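The structure under discussion appears below in the form of structure tokens.
Bear in mind these aren't lab numbers, they're just calculated from the coordinates by the rules spelled out. Worth saying up front: this structure is predicted, and the values here are computed from it rather than measured. Cβ sites come from the backbone with ideal geometry, for glycine too, and all protein chains shown count toward neighbours.
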Amino acid sequence: MHSKFQESRANPRSKIALLATLIMVLGVSVGFVSADEPGEILWWDLLTEDAEAAVGFYQQLLGWDIQQVENGSYVILHQETPIGAISQIETTLPDIEESFWLIGIEVGSVRKAVSAARKLGASVDKKGHSKGYAKYAVLEDLQGAMVMFLQPDRRLGGTDGPGAWVWAELWTTDLSSASSFYDQVLGYTRSVLKRDTGDYPLFSTGSQPRAGMVEIGDRAIEPGWVPYIGVEDLEATIEKAKELGGTLYLKPAEEYDHGSVALLADPTDGAFFVYQLEEE
């Protein structure tokens, strides 16, 4: 499941730092639809070498209810609903600590989605059924970004407010190829949001935006999906993250959605964005 993660990561901090050069202004109405439908982003799983440290960080930073389950992993609850997990992994690089968030996207049938992905050339790392949660499959898309398909047994994700997932981005080396892959496998259609700062490609199902796309070209960054988490007070969240041992890689700035977004990493190097929610 984690072979790609284990193989490289020669200089992870420099790679994460480069992500700051790629951030795109959202410019869309953030927030996932909670209709429990194919294409919805339901879940994020933090894969980390130090699950205990990550649990403490996110509990204090975001107020998540994080509970250990039988297999030793941790489930993240938000508004009493499972929205993700924190899982312990081991790597073959003993001097490097790094974590990453694995996205979970709902599909109508894991079997059919895996079959379609394989026909297009994707590699399947793991399949299974987490009883009471979902059938799942973990794949690498054609550019090497890891993605998990979920066929839920129960309600997962779809929460809102502070601490909820509000957006996602795919960083890829080939926008055209990635767009075609996710269209054929998930029914994601590609559109473009026109802005003064440049075009922002979107994945959508119907009229609902699901995620953004950023082309990373030949930069020293591996393709992957990255989460955005809504917060009530962006500046306070940043300061709290630093107090808890996190790192600020991109501070709020006017050119980045009018100062409403920042890039952080937890103490285990799991990178994520925090997004200032609008007051109701």
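Using the Cβ atoms and a cut-off under 9 Å, what net charge is assigned to the surroundings of residue 134, where Lys and Arg are +1 and Asp and Glu are -1?
Details: positive: 135, 154; negative: 106, 153.
Counting the neighbours of residue 134, the net charge comes to 0.
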Local net charge near residue 111, Cβ-Cβ under 12 Å (Lys/Arg +1, Asp/Glu -1): +4
Amide hydrogen neighbours beyond the local backbone of residue 134, cut-off 5 Å, H modeled: 153
